[in-house]
């Protein structure tokens, strides 16, 4: 059974996120498809932010969720919405950038954190 402040904390760092995922939490990447394809956390599920409402029904309410995006802003929105709907949800503070800065790998191994659409000029 979980206790106290950790359960009420919305934002968690990369170490806590990795620990929660190792413990069975679902990692959901809410970035756009081009961002996902450029690089993502291995084992994460890709559900773009705009598709989350439709996908919510198939997400197990009994499994904790860690949301991630590029910087933690979009994933914070997802976390708040899912928390208010009764899910145990967390935001990876600092997003994929923080994940990489903490020394953790992404896929593909030569992946990048996309910050602009590939067709943007």
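Values in this text are rule-based calculations from the coordinates and carry no lab data. No experiment lies behind these values; they were computed from the predicted model shown. We place every Cβ from the backbone using ideal geometry, glycine too, and count neighbours over all the protein chains shown.
On full extension of the chain, what length is gained from residue 51 through residue 37, given 0.36 nm per residue of separation minus the C-alpha to C-alpha distance?
So the chain would gain 3.4 nm between residue 51 and residue 37.
Please determine, in degrees from 0 to 90 and to the nearest 10, the orientation of helix 73-84 with respect to the longest principal axis defined by the Cα atoms of the chain, where the helix direction is its Cα long axis. Taking the Cα atoms of the chain, the angle to 73-84 is about 20 degrees. Only helical runs count toward this figure. For the chain, summing -39,500 (n - 2.57) over DSSP H runs of n ≥ 4 and dividing by all residues gives -9000 deg cm²/dmol at 222 nm.
Each 5 Å bin from 0 upward holds the following percent of the Cα-Cα pairs of the chain: 2, 12, 24, 26, 19, 11, 5, 2, 0, 0, 0.
The relative contact order of region 8-101 comes to 35 percent, based on Cα pairs under 8 Å that sit 6 or more residues apart.
Distance between the modelled labels on residue 97 and residue 15, one decimal in nanometres: 2.2 nm (7 Å Cα→Cβ projection).
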